[in-house]
Amino acid sequence: GKGIAVFTSGGDSQGMNAAVRAVVRMGIYLGCKVFFIKEGYQGMVDGGSNIVEANWSSVSSIIHKGGTVIGSARCKDFREREGRLKAAKNLLEKGITNLVVIGGDGSLTGANLFRQEWPSLLDELLNNGSITKEQREKYSHLHIAGLVGSIDNDFCGTDMTIGTDSALHRIIEAIDAIVSTAYSHQRTFIMEVMGRHCGYLAIVTALTSEADYVFCPEMPPPNDWPSKLCTKLEQERTAGQRLNIIIVAEGAIDREGQPITAEKVRQVVVDNLKQDTRITVLGHVQRGGSPSAFDRVLGCRMGAEAVMALMEATPETEACVVSLDGNQAVRLPLMECVEKTKAVAKAMADKQWDLAVKLRGRS
Ligand code: F6P
């Protein structure tokens, strides 16, 4: 059977374990030898006990766990050719030429680079006597299937990344808790949510928590936002509301591209309205805890589809990313999605907000 390895890379997210489990079980079911690579790319570079064969029961009792049981890391060594050469050698030792990478866009880009470089890495290993001619021929192609694991939902090509739904559950639970104490004291709360440069968590949170105002990176507010914000908050209080909720994405910016922080917003509210105002930064709580049913199913579906993609791959097959498109698991060319995701970042850096929103592909 084919040699497949699965690893998680970059920031963890809820549902990664469900995906790992699905890859292992689907792979074994189809007669493959499946390996875990522990600690992401670092484990691939270091080899040894970081690359271990998985069996059916090694992924029992992990579907309900948050994080990733096989570990994750941000790896410098893999950015250097020397590191990638070591990684290639370690994979060949186990007969692995198929990789399922679960991570964000950086991790997926790294995998694609590795795939493109693979023939030249093998040539180098052959030349320095690390592998035989037979191995060079037998393992001449590396196949990659990517799954997007991230709470940020910042990847173009998929409707939902693995972990976003669970993060929203965590956030909403926290806001519901905050609302009750805010009500008692007639306070204004500013909640900072994660998402890096993506406002998805902030927007969905604002809609579903009945927040009064939201700041998100793709839609910087007009320059007179302080007065607009204060007018809105006052209106709500005059209408009888006992509290106000403001959501600030951690990547929120103004039209100059300057950060709009929770503290900046608090100053505006306190200076102008003298409201009793508190900040809550949710932080990594959003990335922790058990995955929602949605993320467990998403991980299962994506993991199984990734293995199918690898099974069907021919030497010509490009690296793919398994995505969710209208509740269908689909395979898209990895690099196209990565390029589109980069184009969003560029549009935002160029202050082309409408373009950024359009490129994200969500209404
Ligand atoms: O990409 C996931 C994420 O949680 C972002 O929302 C956040 O900006 C970042 O990772 C935090 O990174 P770290 O865990 O390294 O502090």
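Some notes on this structure:
- Residue check: residue 153 meets all listed conditions (1) touching a Cys at 6+ places or on another chain (Cβ under 7 Å); (2) at positive phi; (3) open to solvent by 30 Å² or more (accessible area, probe 1.4 Å) but one, namely (3).
- If you filter segment 146-172 down to residues that are of a type outside the set (Lys, Arg) and in a helix (DSSP H, G or I), you find that the one that is nearest to the chain's Cα centre (by Cα) is 164.
- Members of segment 86-103 found to be open to solvent by less than 30 Å² (accessible area, probe 1.4 Å) and in contact with an Asp or Glu (Cβ under 9 Å, 6 or more places away or on another chain), listed by number: 87, 88, 90
- Within segment 285-308, tally of residues that are aliphatic (A, V, I, L, M), open to solvent by 50 Å² or more (accessible area, probe 1.4 Å) and touching a residue at least 24 places away in the same chain (Cβ under 8 Å): 3
- Some residue of segment 239-262 being open to solvent by less than 40 Å² (accessible area, probe 1.4 Å), within 16 Å of the ligand (Cβ to nearest atom) and part of a helix (DSSP H, G or I): yes
- Taking first residues from segment 1-21 that are closer than 16 Å to residue 323 by Cα and touching a residue at least 40 places away in the same chain (Cβ under 8 Å) and partners that are open to solvent by 10 Å² or more (accessible area, probe 1.4 Å) and aliphatic (A, V, I, L, M), the Cβ contacts under 6 Å between residues at least 6 apart in sequence or on separate chains come to 18/63.
- For segment 173-209, residues that are open to solvent by less than 30 Å² (accessible area, probe 1.4 Å), within 16 Å of the ligand (Cβ to nearest atom), in contact with a strand residue (DSSP E or B) (Cβ under 7 Å, 6 or more places away or on another chain) and not in a helix (DSSP H, G or I) total 4.
- Restricting the first member to segment 27-43 and to residues that are open to solvent by less than 10 Å² (accessible area, probe 1.4 Å) and among the aliphatic types (A, V, I, L, M), and the second to residues that are assigned to a helix (DSSP H, G or I) and modelled with pLDDT of 95 or more, the beta-carbon pairs closer than 7 Å and six or more apart or on different chains are 34/23; 34/24; 34/27; 34/28; 37/43; 37/44; 37/50.
- Single unsatisfied condition, residue 119 versus (1) in a loop (DSSP other than H, G, I, E, B); (2) within 21 Å of residue 312 (Cα to Cα); (3) open to solvent by 20 Å² or more (accessible area, probe 1.4 Å): (1)
The values are calculated or read from the model by the stated rules, or taken from the named source; none is laboratory data. Predicted model, so just to flag it, every value in this text is computed and none were measured. Counting neighbours? That spans all protein chains shown, and the Cβs are built from the backbone with ideal geometry, glycine included. The accessibility values were calculated without ligands, DNA or RNA, using every heavy atom of the protein model including side chains. Shrake-Rupley method; radii C 1.70, N 1.55, O 1.52, S 1.80 Å.
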